[in-house]
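Below: one structure, written as C-alpha cells.
The values are calculated or read from the model by the stated rules, or taken from the named source; none is laboratory data. All values derive from a computational prediction rather than experimental measurement. No Cβ is skipped: glycine too gets one built from the backbone with ideal geometry, and neighbour counts run over all protein chains shown. Calculation scope for accessible area: heavy atoms of the full protein, side chains included, ligands and nucleic acids excluded. Shrake-Rupley method; radii C 1.70, N 1.55, O 1.52, S 1.80 Å.
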Amino acid sequence: MGYSPFYMVHGRKPRLAEDPERPAILTETNDLTDKYNARLRKFDHLHKAQQTAIERQVAAAHRVEDQYRQLGDGQRFNANEWVMIRNMKKTKLAPDFYGPVRVVKQMPFYTYKLALLNGDEIPELFHNERLQRCKIGELVPQREWAK
C-alpha cells in the first residue's frame, strides 16, 4: 500500500526533529475547531459503540445465567433419595453411570454429599448435573449395579 507503520498505527505521517518541512502553523481557528469537533464526534461514536457492546455482553451473561439457573433448579434431590453418578471419565466399555448411591445431605451450589450402599460416605461432593435419579421405589438395593 505504500504507508509506513507509523502511519498505519497513528493515521498521520511521522514528524522528525531534523525534518526540513516543518508543519505550518495554522492561523485560522476554524480549521482547529473543525478538527477538534470532528475528533469529538468520532470519540462520541466510539463511546456509544462501546456502551452498546457492553450492554449486549451483560444481556448475554444474564441469558446464560438464567439458562444455568433453569438447569440447576430443574433437578433437586432430597435426603435418603437414591441416585446414579454419571461417569465423566468414560472409557471404551465403562458404564455410563455408577451406583446407586444415597443422598445424605444437600450442600451449597447444587452439590450433594453421597453415601455408598454400605453406609460409608463418599468424601467428595457431586454436582447435580452429574447425578441421575434412580426410580427404584421403596426397594433398597443390595448391590451396586455398576462399579
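Summary of computed values
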{"item": "Ranking by accessible area, most exposed first, for THR33, THR111 with a 1.4 Å probe", "result": "THR33, THR111"}
{"item": "Normalised contact order of segment 104-147, rounded percent, pairs of Cα under 8 Å and 6 or more residues apart", "result": "29 percent"}
{"item": "Alpha-carbon centroids, segment 32-61 and segment 77-108: separation in whole Å", "result": "51 Å"}
{"item": "Per residue accessible area in Å² of segment 30-147, where ligands, DNA and RNA are left out and the probe is 1.4 Å", "result": "80 Å²"}
{"item": "Proximal lysines relative to LYS90, as straight alpha-carbon distance under 27 Å, when same-chain residues fewer than 8 apart are discounted", "result": "LYS105, LYS113, LYS135, LYS147"}
{"item": "Label-point separation, GLU18 to HIS62 (7 Å along Cα→Cβ), nm", "result": "6.1 nm"}
